[in-house]
1. Filter the stretch 160-215 for residues that are at pLDDT below 90 and closer than 17 Å to Asn116 by Cβ and give the result.
2. Residue by residue through the stretch 121-158, note down the ones that are more than 25 Å from Pro207 (Cα to Cα) and polar (S, T, N, Q).
3. When both residues are 6+ apart or on different chains and their Cβ atoms are under 7 Å apart, which pairs have a first residue that lies in the stretch 242-260 and is within 12 Å of Gln199 (Cβ to Cβ) and modelled with pLDDT under 90, and a second that is surrounded by 11 or more Cβ atoms within 10 Å (Cβ to Cβ) and among the hydroxyl-bearing types (Ser, Thr, Tyr)?
4. Checking Ser221 against (1) at pLDDT 90 or above; (2) touching a helix residue (DSSP H, G or I) at 6+ places or on another chain (Cβ under 6 Å); (3) of a type in the set (S, T, N, Q), which single condition isn't satisfied?
5. Filter the stretch 106-124 for residues that are closer than 22 Å to Val174 by Cβ and surrounded by fewer than 16 Cβ atoms within 10 Å (Cβ to Cβ) and give the result.
6. Pick from the stretch 173-192 the residues that are within 21 Å of His108 (Cβ to Cβ) and touching a residue at least 24 places away in the same chain (Cβ under 8 Å): which of them is surrounded by the most Cβ atoms within 10 Å (Cβ to Cβ)?
7. Would you please name the residue that is surrounded by the most Cβ atoms within 10 Å (Cβ to Cβ), looking only at residues in the stretch 201-218 that are among the charged types (D, E, K, R) and not in a strand (DSSP E or B)?
8. Identify, please: which residue in the stretch 125-166 is of a type in the set (A, V, I, L, M, F, W, C), open to solvent by less than 70 Å² (accessible area, probe 1.4 Å) and under 55 Å from the mean Cα position of the chain (by Cα) and is, among those, farthest from Pro232 (Cα to Cα)?
Amino acid sequence: MSNHKDSKLEHDALNQLHSEQHAAKLEQATEHDVSPALNSKQPSPKPELATKPELATKPEPSDTATTEHSCAAESSSAVEPSQTAANHQRVDLQQWQSFEQVPLDPVHANHYTQVNTESLIFSCLLLVVASLVLILPGDFYPAKVLAVSLSALLIISVVSYVRYRHAKSLAYAVCEHELIMQQGFWWVKRTSLPYSRLQHVSLSHGPLERHFNLATLKCFSAGSGSAEIELPGIEQQTAEQLRQHLLNQAAKANPTTAAQTDSTQTSVTPKKDTTSSQPEQPTLGNSDNDA
């Protein structure tokens, strides 16, 4: 009985050993089948990165230059909108630039004497007209004479006062970039003419102005038929110097216009014929024909 039990135990141990070996073989077979599938699902590394790892860490010089250029472009594009926005910012009233009063020079003192002389001549002519109004009808009524006399005196006084005050209000200033003129005592008018718009300057003087050695300066701008500035009461020598100065400043302010004027003048002037004209030599005939 004991032998039979021992053989049975040995047989059970062998069966258990065979089952464990068979389970181990099945596990190895399943692991061998699953591993190729996992390897096929994983992405294969790039050959450049695997073979040349220094390319990923050390960029080429061209890549560095491109990166710096792109960064500079981004920085410039980031700065430009801020500058544009800064240019269009609103300026408050307290930040406005204050007006700087330019000291003006009065006209020559002879101009006041000229104006008074003109007023005297006008008064004489008006008195002559009033006398004719009283004499020609032949009616010497005291009321009529008084009315005509008072009217003439009132007109003479008003005209003389207004002209004198207007002459006293005339002033001008020659600045670096413009010519300024001021006139008027009730309605003050200040005209500023930049040299860039100045096109023509002329001088004129009447009989009384020549007598008092005065001239009137007239400045014309581009595109205007009348004078922008008409300044009387300038001494003739000073007026000529001022005219030359204004023309020089206008030429500096408009170099293209001056160049076009010079080219036009050179194209208009006819060119001299430099070819020397040689006299034609008489042709000598054949001696046989002459004979």
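The values are calculated or read from the model by the stated rules, or taken from the named source; none is laboratory data. If you're wondering where the values come from, they're calculated on a predicted model, not measured in any experiment. Positions of Cβ are generated from backbone atoms using ideal geometry, with glycine treated the same way; all protein chains shown enter the neighbour counts. Calculation scope for accessible area: heavy atoms of the full protein, side chains included, ligands and nucleic acids excluded. Shrake-Rupley method; radii C 1.70, N 1.55, O 1.52, S 1.80 Å.
1. Within the stretch 160-215, just Phe185 meets the criteria.
2. Ser131, Ser149, Ser151
3. Ala253/Tyr195; Ala253/Ser196; Asn254/Ser196
4. Answer for Ser221: the failing condition is (1).
5. Pro106, Ala109
6. My answer is Leu179.
7. Quick first cut of the stretch 201-218, residues among the charged types (D, E, K, R) only: 209-210, 218.
So of that shortlist, the ones also not in a strand (DSSP E or B) come out as 209-210.
Values: Glu209: 19, Arg210: 11.
Among them, the one singled out is Glu209.
8. Checking each candidate, the answer is Leu126.
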